[in-house]
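Since the structure comes first, as structure tokens, the remarks are kept for the end.
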Amino acid sequence: MTNDEKTKTKKGNLKLCELCKSRKQAIKRPKNLQKICKECFYHVFETEIHQTIVSNNLFFPGEKVAIGASGGKDSTVLAYVLKLLNERYNYGLELVLLSIDEGIVGYRDDSLATVQRNKIQYNLPLEIVSYRDLYNWTMDEIVSCAGIRNSCTYCGVLRRQALDRGAAKLGINHVVTGHNADDMAETVLMNILRGDLARLENSTTICTKSSGSPIKRSKPFKYIYQKEIVLYAHYKKLDYFSTECTYAPEAFRGTARVLMKNLEKIRSSCITDIIYSGENLVLKEKKKRQQFKKKQNANGSKEPTEVEIRNDGSISLGKHGFKDGNRCTRCGYLSSNTICKACMLLEGLEKSKAKIMLENDGVTDGAAKLTRTLESLTF
Amino acid sequence: MSLSVSAEFLGGLDQIFGKVRQSTLTVPEGSTIKDLLQLIVQQHLENPKDICMFLDDDNEGIRAGILVLINDVDWELEGELEYELEHKDVVTFTSTLHGG
């Protein structure tokens, strides 16, 4: 590249990588302010992810792992790096791309096209699960019923289940997602800002098994800065999709994100610091609960080894992480209440659907896009 | 003498610049990135309301969350806003403010 030659001659002071001391500096790492070259950056980036995977025992040999792929930068880099590390370090993983089609015209349809290309580029199988098939609703329809303000609540609950169901369909018990350090710190801040103690405690766990799901989720990018992910994708010329979801600016996460970005500007290590704080915030167990637990144990009602085999052949992994291991009475999905959250939300929607259908003549495709277009109109 | 500089708008930033992903600008000698930002806003920003999507609150620096590369090198290594542009420099702006 001519750029390289130019920088060398420029102002006579060629700055060398602090690691290899032989190549030109290309990036200043936000984590430790180290100035390194592209090659060293690739090496450090990949190795750090490998170390996160190894030190947390994220995978076992022969495990089938679904990569939650949205076509965005994080999941694209995740798919690329996991495939690379799987081959380099012989993890022995069977990787599959798993995408969710929320039904958002002008956003998800485009990003899914990216995932389709990734499928070919990385030679990985791809499974797409749609809200339409699972719930008979698209996000566009939901937003036209429930309003744009609640969109992320619906989308989040439904997607969580959709990923589980997609994984179950493939006979996979482990989903990895591209959540990065910035996302983690954002979530910690968000939970602090709204005083959500229950979520705060677990928001930084690298590997979670939620009460509603037999499927393990992990975040190999937990300690990786967004900046490095974007730069990695940029330098490696990875094919990713980069448009903000048409509904997202309304979400509360946006507020936390702006706050975080501004904090990062002042002190870039603050992302790692916030994650560290989040990890060390442990709630004191309530007294009542302890007594309850003791009572249970005293009754001898321990049931740790109970394994349930479901119709589709998948196995529920006991009642460890679950509050009570209930099943939703509507859809049969694991849930801590009699009706799972997704069904509850959908029920609420059904009630308002008829009214909306009359008002809108049922035209809901691209509702958000339309709103945006209308907003930008001026006289 | 004036310099010819190329600006790239990636990561969805092209949306506010009339879907232009790459453009060539002419700047006077001695211009810095700071001057370039103002020029980009004047020449390419479609809707003046979108200035907050690109610049910070003071409309001087870059918005937090947008990565800047100068000839593919992190601008933090090049003096950021004060970097003095040279002929044929390529400045890349990449937004990181979107889902992954």
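Tell me which residues, restricted to region A:47-94, are hydroxyl-bearing (S, T, Y) and either over 23 Å from A:K169 (Cα atoms) or more than 14 Å from chain B (Cβ to nearest Cβ) (or both).
Restricting attention to region A:47-94, the residues satisfying the condition of being hydroxyl-bearing (S, T, Y) are A:47, A:52, A:55, A:70, A:75-76, A:80, A:89, A:91.
Hits for region A:47-94 are A:T47, A:T52, A:S55, A:Y80, A:Y89, A:Y91.
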Inset, instruction - Considering only region B:67-83, state which residues are farther than 21 Å from B:Q22 by Cβ and either within 9 Å of chain A (Cβ to nearest Cβ) or within 12 Å of the chain's Cα centre (by Cα) (or both). - result: B:E76, B:L77, B:E80, B:L81
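From A:R159, A:R149, A:R132, grab the single residue that is closer than 18 Å to A:V96 by Cβ, basic (K, R) and either assigned to a helix (DSSP H, G or I) or touching a Lys or Arg at 6+ places or on another chain (Cβ under 9 Å) (or both). Explain how you work it out, then say what you get.
Details: A:R149 fails: closer than 18 Å to A:V96 by Cβ; A:R132 fails: closer than 18 Å to A:V96 by Cβ.
That would be A:R159, the only listed residue that is closer than 18 Å to A:V96 by Cβ, basic (K, R) and either assigned to a helix (DSSP H, G or I) or touching a Lys or Arg at 6+ places or on another chain (Cβ under 9 Å) (or both).
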Inset, instruction - Collect the residues in region A:24-46 that are within 10 Å of chain B (Cβ to nearest Cβ), within 25 Å of the chain's Cα centre (by Cα) and outside any helix (DSSP H, G or I), keeping them in residue-number order. - result: A:R29, A:P30
Inset, instruction - Considering (1) free of Cβ contacts under 8 Å to residues at least 40 places away in the same chain; (2) more than 14 Å from chain B (Cβ to nearest Cβ), say which one A:G156 fails and leave the rest. - result: (2)
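The rows are residues; the columns are (1) modelled with pLDDT of 90 or more; (2) under 27 Å from B:T96 (Cβ atoms); (3) among the β-branched types (V, I, T); (4) not in a helix (DSSP H, G or I).
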site	(1), (2), (3), (4)
A:F60	yes, no, no, yes
A:V77	yes, yes, yes, no
A:L82	yes, yes, no, no
A:N90	yes, no, no, yes
A:G106	no, yes, no, yes
A:Q121	yes, yes, no, no
Inset, instruction - Exactly one condition in (1) at the interface with chain A (Cβ under 7 Å from one of its Cβ atoms); (2) in a strand (DSSP E or B) is not met by B:A64; state its number. - result: (2)
Legend entry - Considering residues of region A:265-276 that are at pLDDT 85 or above and assigned to a helix (DSSP H, G or I) only, the residue nearest to the other protein chains (Cβ to nearest Cβ): A:I266
Legend entry - Residues being more than 10 Å from chain A (Cβ to nearest Cβ) and either open to solvent by less than 10 Å² (accessible area, probe 1.4 Å) or touching a residue at least 60 places away in the same chain (Cβ under 8 Å) (or both) - total across region B:51-61: 2
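The values are calculated or read from the model by the stated rules, or taken from the named source; none is laboratory data. As the structure is a computational prediction, the values presented were derived from the model and not from experiment. Here the Cβ is made from the backbone with ideal geometry for all residues, glycine too, and neighbour counts use every protein chain on show. Calculation scope for accessible area: heavy atoms of the full protein, side chains included, ligands and nucleic acids excluded. Shrake-Rupley method; radii C 1.70, N 1.55, O 1.52, S 1.80 Å.
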